[in-house]
Amino acid sequence: MNWGKGIVIGMALFMGFIITLVTIMMRQDIDLVREDYYQQELEYNIQYNAESNYLNAQKGIEIEPKADTLFLRFPADFQTGKATIQLQRPNNKDLDIQLTIDVREQVKIPLKHIEKGQFNCTVSGIYQGKKYQMSQQLVL
């Protein structure tokens, strides 16, 4: 075999490799993080103000995952009724969870039926008559 055949075979193998990678990439299911992404962008100022209200508080909400339970500790200032907790899975929207809870000093959320992995956790509610929102990444 001469060097010309080697170059042609090498190019053919490289092209096959590239075609295989393109095929694999095209089969991946890539979703937006949220279905209402554009609407949420329009309401960004409201979200920004809610996050600012949370940051202005004296104490923050503590989130601690342990074994099969997610513990949330709310300071006395945040114990004003109900709060919404969203657990969003970045790679699979079917695993997203939204809960409405009565805020107490400590809230326990069982994680037995939740698949393990990385989640974006968002807690929102009312603090001193204003909306608040805090976000944190969790690995459950």
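List of remarks:
- Among the candidates ASN53, ASN45, ASN92, ASN49, residue that is farther than 14 Å from THR122 by Cα, open to solvent by 40 Å² or more (accessible area, probe 1.4 Å), in contact with a strand residue (DSSP E or B) (Cβ under 9 Å, 6 or more places away or on another chain) and not charged (D, E, K, R): ASN49
- Beta carbons closer than 8 Å, at least 6 apart along the sequence or on distinct chains, pair a first residue in the range 113-138 that is among the basic types (Lys, Arg) with a second that is part of a strand (DSSP E or B) for LYS131/SER124; LYS131/GLY125.
- Residue among ASP36, ASP29 that alone is open to solvent by less than 80 Å² (accessible area, probe 1.4 Å) and over 16 Å from TYR132 (Cα atoms): ASP36
- Neighbours by Cβ (under 8 Å, 6+ apart or cross-chain): first from the range 69-91, of a type in the set (Asp, Glu); second open to solvent by 40 Å² or more (accessible area, probe 1.4 Å): ASP77/GLN58; ASP77/LYS59; ASP77/GLN128
- Checking ALA12 against (1) more than 16 Å from MET134 (Cα to Cα); (2) touching a strand residue (DSSP E or B) at 6+ places or on another chain (Cβ under 8 Å), the condition it does not meet: (2)
- Inspection of the range 46-68 identifies at least one residue that is in contact with a Pro (Cβ under 6 Å, 6 or more places away or on another chain) and under 20 Å from TYR132 (Cβ atoms).
The values are calculated or read from the model by the stated rules, or taken from the named source; none is laboratory data. Keep in mind that this is a model prediction, so the values were computed, not measured. So basically every Cβ, Gly included, is an ideal-geometry build from the backbone, and we count neighbours across all protein chains shown. The area values use the complete protein model at the heavy-atom level, side chains included, leaving out ligands, DNA and RNA. Shrake-Rupley method; radii C 1.70, N 1.55, O 1.52, S 1.80 Å.
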